[in-house]
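Structure, as structure tokens:
The values are calculated or read from the model by the stated rules, or taken from the named source; none is laboratory data. Keep in mind that what you see is a predicted model, and the values were worked out from it rather than measured. Here the Cβ positions follow ideal geometry from the backbone for every residue, glycine too, while neighbour counts run over all protein chains shown. Surface accessibility is based on the protein's heavy atoms, side chains included, excluding ligands, DNA and RNA. Shrake-Rupley method; radii C 1.70, N 1.55, O 1.52, S 1.80 Å.
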Amino acid sequence: MSGITRRSVLRGAGLGAGAAAVPWLPAWAQPVSAGIVTPRPASLPTLAGPDIALRVAHQTMMIDGRTHHAIGINGTVPAPLIRLRQGQDVRIAVTNALAEETSIHWHGLLVPFQMDGVPGISFPGIAAGATFEYRFRVVQAGTYWYHSHSGLQEQMGHYGPVVIDPAGPDPIVADREHVILLSDHSALHPHAIFRKLKQQGGYFNYQKQTLAGLLAGRDQPAKDRASWGGMRMDPTDVSDVTGSTYTYLVNGHGPADNWTALFTPGERVRLRIVNASAMTNFNVRIPGLTLTIVQADGQNVRPVTVDEFQIAVAETYDVIVEPTAAIAHTLVAEAWDRSGMARATLAPRAGMTAAVPALRTRPLATMTDMGMGGMGDMAGMDHGAMAAMSAAPDACPPEHAAMGHCQLAGQTGAGGMPAMSHRMRDFANAPELPRTPVVQTISPMPVDRTGAPPQGLANAGHRVLVYRDLVALAVNPDVRAPSRTLRIHLTGNMERYMWAFDGVKLNAVTAPIPFRAGERVRVTLVNDTMMAHPIHLHGHFFELVTGHGDHAPRKHTVNVAPGGTATFDLTADAIGDWAFHCHMLYHMHAGMMQVVTVRPEGAA
């Protein structure tokens, strides 16, 4: 398991002090980074437009002293930082030195659909030995990233950051900046990982409840364990792939490598944080420093100060920190299931380290994660209260009701809620869904969870970012009311490891999701599974419906909590065919992907 020990910290301090250049890492990701100090030097250690050449090939990389096979770009993993300027035209020639097809998707960049880089949807892919030239105008500013959209190559290191400077003055003032690219890496080949998931959904979960834990009074009491076992549900099943096989990386460095970002006390330091992992949401904090969120998914937001935030797969957040003392600080990116962490150091000089906090207790799924959030106080009952309720005559614990074993008192008949079943496998709750094997559960009462802390952070003991904290810095470009609504269910079958939209895997989809060019649509995503899904729409930004009106936060990826909903308003302003998918790589690979098509008015 990927853990932090005193020995690894001391070893990392030695690596940081040496600060030797590493050939398989780009300049911005070397063991010690001075960052980019304002005013920026004339020549940046990055790739910049208008003409850029990239070569995709197999290579090796070193993580915590061990050699691993990887797929890199221009000889580095992660790939080089591409730095562009808003308004410029760029030409990026990508040569494929692999023996298989590859591609590059410009995640979050608004480009013509032919340049979006999704094989089979927007272009034919880049064949082995071939070169493809991406051409587009950069129409935005902010922090983004790029990655393969072919097979499972992204898991092997085929990803890198993109920074786009605004055409005019940057409203975000900083003295120095660092790119913090988070990822997960396994010595196990990604196809082997996927095969094991198909064979056993919880294969990588080494944090299950145990008899020893029960005897020690940890986690669920015996009665609740029996109830969840009877439902064939595991409350510890938070992440499909865990620290049992993953090492969590900062800029390609493992926890023992101690990647170090330098600062001068008193500076405003901008951290451009990108989650380029395949399957891991990270909880990010820097003990001793407050974090001011100034940008989400490349879009400026009103500054909001927190102590911790969760960054879902494929999201980006720009954060300002202001260290005042000449001491080191640990940047902690803890995996959402607490099975490991990525770790780096912010320090005035190389070789310094700070205390590395221990991994916190891993979260357990709740009734709300089952989609019973609409039960209000009952969904928040502790397990002891549930046990007491079930001891009462004719009582029905919520978890039994969810699986159809009994009915909740007062929830049926004239005085109850006859229109809604409380069973998680009752298609009456979503009659529009097909009865396919990819619909194992249906949330009985899903609720909008964008105002609640992410899973496992409700009791963090400090200020945690929630989506409703995000407010756009400028008025949204389109403030029209939606002309229609669309409801999309996120469905899955953990036992067979299948994932889909509306119960239909990508290989069974017969028609795309249609939009008319320019129309305004309100889309509600309903998560019928007990796992969070970061959903990404290509070619567009959308406005989260979180109560901020014409200053709603604009994003390209939204993490939909288990058993919850998330709603956004979309202006279909990009003609063409676009990918729409869960950004958990193995979920997408297992079928949770669709095509959105935007056609001109009157087009067939």
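In segment 529-571, the residue that is farthest from L490 (Cα to Cα) out of those that are part of a strand (DSSP E or B) and charged (D, E, K, R) is R554. Of the set (1) outside any loop (DSSP other than H, G, I, E, B); (2) open to solvent by less than 40 Å² (accessible area, probe 1.4 Å); (3) modelled with pLDDT under 70, all apply to C396 but (1).
So that you can scan it fast, the table gives a plain yes or no per residue for (1) open to solvent by 10 Å² or more (accessible area, probe 1.4 Å); (2) closer than 17 Å to P161 by Cα; (3) of a type in the set (S, T, N, Q); (4) within 16 Å of the chain's Cα centre (by Cα):
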| residue | (1), (2), (3), (4) |
| --- | --- |
| P255 | no, no, no, no |
| T264 | yes, no, yes, no |
| L289 | yes, no, no, no |
| N300 | yes, no, yes, no |
| V321 | no, no, no, no |
| T324 | yes, no, yes, no |
| A342 | no, no, no, yes |
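Among the residues making up segment 122-151, those that are open to solvent by 30 Å² or more (accessible area, probe 1.4 Å) and either more than 25 Å from Q295 (Cβ to Cβ) or of a type outside the set (V, I, T) (or both) are P124, A127, A128, G129, A130, T131, F132, E133, R135, R137, G151.
Output yes when any residue across segment 108-121 is open to solvent by less than 10 Å² (accessible area, probe 1.4 Å), in contact with a Pro (Cβ under 9 Å, 6 or more places away or on another chain) and closer than 25 Å to M279 by Cβ, and no when none is. The answer is no; no qualifying residue exists.
Can you confirm whether V294 is surrounded by fewer than 23 Cβ atoms within 10 Å (Cβ to Cβ) and at pLDDT 95 or above? For V294, the condition - surrounded by fewer than 23 Cβ atoms within 10 Å (Cβ to Cβ) and at pLDDT 95 or above - is met. Of the strands (runs of 3 or more DSSP E) that lie entirely inside segment 31-150, those containing 3 or more residues that are out of contact with any helix residue (DSSP H, G or I) (no Cβ under 9 Å at 6 or more places or on another chain) span 51-63, 66-73, 82-85, 89-96, 131-137, 142-147.
Return yes when M352 is within 19 Å of G451 (Cα to Cα), in contact with a Ser or Thr (Cβ under 9 Å, 6 or more places away or on another chain), modelled with pLDDT of 50 or more and of a type outside the set (S, T, Y) and no when it is not. Break it down into steps so the answer makes sense when it comes.
Details: within 19 Å of G451 (Cα to Cα): no; in contact with a Ser or Thr (Cβ under 9 Å, 6 or more places away or on another chain): yes; modelled with pLDDT of 50 or more: yes; of a type outside the set (S, T, Y): yes.
No; evaluated as a whole, the condition is false for this residue.
Only one of the numbered conditions (1) in contact (Cβ under 8 Å) with a residue 60 or more places away in the chain; (2) more than 25 Å from F542 (Cβ to Cβ); (3) aromatic (F, W, Y) is not met by Y144, and that is (2).
Any residue at all in segment 501-510 that's free of Cβ contacts under 8 Å to residues at least 60 places away in the same chain and within 19 Å of A312 (Cβ to Cβ)? Looking through segment 501-510, none of the residues is free of Cβ contacts under 8 Å to residues at least 60 places away in the same chain and within 19 Å of A312 (Cβ to Cβ). Evaluated against (1) part of a strand (DSSP E or B); (2) open to solvent by less than 10 Å² (accessible area, probe 1.4 Å); (3) acidic (D, E), E154 falls short on exactly one condition, (1).
Just so you know, in segment 71-102 the residues that are among the small types (G, A, S) and open to solvent by less than 10 Å² (accessible area, probe 1.4 Å) include one that is nearest to the chain's Cα centre (by Cα), and it is A79.
Condition check ((1) assigned to a loop (DSSP other than H, G, I, E, B); (2) in contact with an Asp or Glu (Cβ under 9 Å, 6 or more places away or on another chain); (3) at pLDDT 95 or above; (4) not basic (K, R)) across all residues:
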site: P434; (1), (2), (3), (4): yes, yes, no, yes
site: P437; (1), (2), (3), (4): yes, no, no, yes
site: T441; (1), (2), (3), (4): yes, yes, no, yes
site: T450; (1), (2), (3), (4): yes, no, yes, yes
site: A458; (1), (2), (3), (4): yes, no, no, yes
site: H462; (1), (2), (3), (4): yes, yes, yes, yes
site: R468; (1), (2), (3), (4): no, no, yes, no
site: A474; (1), (2), (3), (4): yes, no, yes, yes
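Taking (1) under 26 Å from P124 (Cβ atoms); (2) in a helix (DSSP H, G or I) in turn, A574 satisfies each apart from (2).
Quick check on L537: is it within 24 Å of T143 (Cβ to Cβ), open to solvent by less than 50 Å² (accessible area, probe 1.4 Å) and under 20 Å from the mean Cα position of the chain (by Cα)? Steps first, please.
Details: within 24 Å of T143 (Cβ to Cβ): yes; open to solvent by less than 50 Å² (accessible area, probe 1.4 Å): yes; under 20 Å from the mean Cα position of the chain (by Cα): yes.
The answer is yes for L537.
Of the helices (runs of 4 or more DSSP H) lying entirely inside segment 166-252, those containing at least 1 residues that are modelled with pLDDT of 95 or more and at negative phi span 190-199. Does R487 qualify as being among the charged types (D, E, K, R), over 19 Å from M445 (Cα atoms) and modelled with pLDDT of 95 or more? No, not satisfied.
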